[in-house]
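The values are calculated or read from the model by the stated rules, or taken from the named source; none is laboratory data. Bear in mind that the values here come from a model prediction, so they are computed numbers and not experimental data. No Cβ is skipped: glycine too gets one built from the backbone with ideal geometry, and neighbour counts run over all protein chains shown. Accessible surface areas use protein heavy atoms only, side chains included; no ligands, DNA or RNA. Shrake-Rupley method; radii C 1.70, N 1.55, O 1.52, S 1.80 Å.
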Amino acid sequence: MLNMNFDQALAIDTEQMDWLASPSAGVLRKPLEREAKESGHVTSIVQYQPESYFPEHPHPQGEEILVLEGVFSDEHGDYPAGTYIRNPPDSKHSPFSKQGCVIFVKLNQFDARDLTQVRVNTKQTPWLPGIGGLEVMPLHEFEHEHVALVKWPAGEIFQPHRHFGGEEILVLSGEFKDEHGSYPKLTWLRSPHMSQHHPFVEQETIILVKTGHLPVES
């Protein structure tokens, strides 16, 4: 098991991690949290080298992906950088990449009732006004779980707040900050239920945010 204590706050600069081999040639990964070696709850950054593929596999409890670089593909379509994907529980596919890609992927973390398939090209989706100077792009919600992109203008300071059901962030550009530290591009943060912070930025920053999905009781 890796980082499966959800009471533990994590901040991992994935750019400082080494790529590890997967069972498929040309597919590399950086595991961030993992319940078992090749099954169960997993969060990771995955790289598909050009012309690489992964055999058909099921998603017993769903799969969530944000394409970070290149073009990710499966038998259902091609998904360029910026595409947000949700494949519901019990779905399956045979992913590959012709030109190569990097994706952020979360496996087997859906509520069994969350059956919505999602495909959002975030490069073509408008931003909505948020609190203060923030702009928000909602991607998915189910009961307490909310997923969105959030754009922070340079110099923005957000109000101190707590995270019911926790918070997870992947910094997509710029540098995210709070009283605990500074988090450059591709830093992954996980904050437990009822954790608190006072975030701000000095430069324009875009983050992927998921809230309300971590265990309320451990």
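Some values worked out for this structure:
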item	result
Phe54 vs. criteria at pLDDT 95 or above, of a type outside the set (D, E, K, R) and surrounded by 17 or more Cβ atoms within 10 Å (Cβ to Cβ)	no
Filtered residue count, the range 108-131, keeping only those that are among the polar types (S, T, N, Q), open to solvent by less than 60 Å² (accessible area, probe 1.4 Å) and in a loop (DSSP other than H, G, I, E, B)	4
Subset of the range 90-106 (residues that are open to solvent by less than 20 Å² (accessible area, probe 1.4 Å) and over 14 Å from the mean Cα position of the chain (by Cα))	His93, Pro95, Ser97, Gly100, Cys101
First in the range 35-48 and in contact (Cβ under 8 Å) with a residue 40 or more places away in the chain, second anywhere and of a type in the set (Lys, Arg) and open to solvent by 60 Å² or more (accessible area, probe 1.4 Å), Cβ under 7 Å, 6 or more apart	Val42/Arg34
Residues satisfying the stated conditions in the range 92-121, i.e. more than 15 Å from Ser73 (Cα to Cα) and either touching a residue at least 60 places away in the same chain (Cβ under 8 Å) or touching a Ser or Thr at 6+ places or on another chain (Cβ under 7 Å) (or both)	Lys106, Leu107, Asn108, Gln109
Residue within the range 17-30 that is within 29 Å of Pro184 (Cβ to Cβ), out of contact with any strand residue (DSSP E or B) (no Cβ under 7 Å at 6 or more places or on another chain) and either assigned to a loop (DSSP other than H, G, I, E, B) or modelled with pLDDT of 95 or more (or both) present	yes
